[in-house]
Amino acid sequence: MAKILVHITHGPEHPTRAVLGFHVAKAALDEGHSVTLFLAGDGVQLMRDGAINHVNGLGTGNLRELYDAVVGGGVKIYLSGMSSETRGLTKEELAGKPYEFASPKQLVQLAVEHDRMFNY
């Protein structure tokens, strides 16, 4: 099976595009692929409870259901540290969520290590 990297840079302001990234991650996971998510830019805001619980994409599903599925499937989630800091995303807001802060250098490393990369 393949190693799939899904890079999401759109957040709640573009719900269909943002949720589509999680939808594709779940589809890859369902097919037995190894999946990693990297959220950057406005995409880091998808880790806020308000977004997880209320963002719905047009034809792409409910973020809560997809988030629960990818987390339950063991998908590794990286958050851009710079994007998170700039948008005021705190460790308190992230408590209990599986994530790791990462840098652009780590995104490049992940892209090289994975077989395919999808961007949303």
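The values are calculated or read from the model by the stated rules, or taken from the named source; none is laboratory data. None of the values given here were measured: they were computed from a predicted structure. Please note: Cβ atoms are built from the backbone with ideal geometry, for glycine as well, and neighbour counts cover all protein chains shown.
Quick look at the numbers
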| read-out | value |
| --- | --- |
| Residue tally, condition within 19 Å of Tyr67 (Cα to Cα), surrounded by 14 or more Cβ atoms within 10 Å (Cβ to Cβ) and of a type in the set (A, V, I, L, M, F, W, C), over segment 77-116 | 5 |
| Pair list, Cβ < 6 Å and 6+ apart or interchain, from segment 25-50 residues that are on the phi > 0 side of the Ramachandran plot to residues that are surrounded by fewer than 16 Cβ atoms within 10 Å (Cβ to Cβ) | Gly32/Met1 |
| Selection from segment 77-119 of residues that are closer than 13 Å to Val44 by Cα, among the charged types (D, E, K, R) and assigned to a loop (DSSP other than H, G, I, E, B) | Arg87, Lys91, Glu93, Lys97 |
| Helices (runs of 4 or more DSSP H) enclosed by segment 1-76 - at least 2 residues per element that are at pLDDT 95 or above, closer than 22 Å to Val108 by Cβ and aliphatic (A, V, I, L, M) | 15-30 |
| Single residue of segment 73-116 satisfying the filter (of a type in the set (Gly, Ala, Ser) and in contact with a Gly (Cβ under 9 Å, 6 or more places away or on another chain)) that is farthest from Gly32 (Cα to Cα) | Ser83 |
| Output for segment 37-59, where each listed residue is of a type outside the set (A, V, I, L, M, F, W, C) and either over 18 Å from Ile4 (Cβ atoms) or surrounded by fewer than 20 Cβ atoms within 10 Å (Cβ to Cβ) (or both) | Gly41, Asp42, Gln45, Arg48, Asp49, Gly50, Asn53, His54, Asn56, Gly57, Gly59 |
| Test for Leu94: is it of a type in the set (A, V, I, L, M) and either without any contact (Cβ under 8 Å) to a residue 12 or more places away in the chain or over 26 Å from Met1 (Cα atoms) (or both) | yes |
| Hits in segment 6-25 - residues which are of a type in the set (S, T, N, Q) and in contact with a Ser or Thr (Cβ under 8 Å, 6 or more places away or on another chain) | Thr16 |
| Residue list for segment 6-24, restricted to those being more than 12 Å from the chain's Cα centre (by Cα) and either free of Cβ contacts under 8 Å to residues at least 40 places away in the same chain or surrounded by fewer than 19 Cβ atoms within 10 Å (Cβ to Cβ) (or both) | Pro12, Glu13, His14, Thr16 |
